[in-house]
């Protein structure tokens, strides 16, 4: 029975790998270069002008801001991951989709923690509200806080979750890309982030998710 279970798991892992997208390192490095170039241009030339143009457009969206706060999203992901772990313990197994969902939640939480507790504090870029009230839009190394905006924690959170599914299920690329684009636009129009924030956050998040999916695929072989 153990041999059959092990064989079934290996077969399932191979099936998942066939459904997954092969992601060559060259594509990632090319994406890194493109994102770095776009980020630099946005930081210097587009961030502040766009922030001034869209300032106040979603002034009435306070309920949306509260509903999509990072703490709320983290709580939802933690609850989902815990529920899936409990199902795994009680039933003895999870579907491949359930495993992928648990992996996506945990990867997303870890990526957000690293971004919020390390990168934001190290880079120290003030948020749009502070910049539009006179603070200089610049890097303030080792002078950041949890209110710093670069990279966007929301996009790291969402990008890492999406990155796991993008790596494991090629059919998820288009829907998750559309959702990430909508999220990025809302964060910019809602005065929560600059364009460069969402570019950096999205790239870092998706990269973390793809790495998580890659490790999972190697484990499933």
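Some notes on this structure:
- For region 121-221, diffusion coefficient by Stokes-Einstein and Kirkwood Rh (Cα), 25 °C, 0.890 mPa s, µm²/s: 172
- Sorted peptide list for 108-115, 173-180, criterion being average Cβ within 10 angstrom, highest first: 108-115, 173-180
- Among 149-162, 126-139, 194-207, sorting by the average number of other beta carbon atoms lying within 10 angstrom of each residue, highest first, gives 149-162, 194-207, 126-139.
- Residues 77, 99, 25, ranked from the fewest to the most other C-beta atoms within 10 Å, line up as 25, 99, 77.
- Förster-model FRET efficiency, 35 Å R0, residue 173 and residue 147, C-beta, rounded to 0.05: 0.60
- Using a simple spin-label model with pseudo-atoms 7 Å out from Cα toward Cβ, residue 78 and residue 90 lie 2.1 nm apart.
- Modelled FRET efficiency - R0 25 Å, residue 37 with residue 140, Cβ distances, 0.05 increments: 0.65
Values in this text are rule-based calculations from the coordinates and carry no lab data. None of these values were measured; they are calculated from a predicted model. Positions of Cβ are generated from backbone atoms using ideal geometry, with glycine treated the same way; all protein chains shown enter the neighbour counts.
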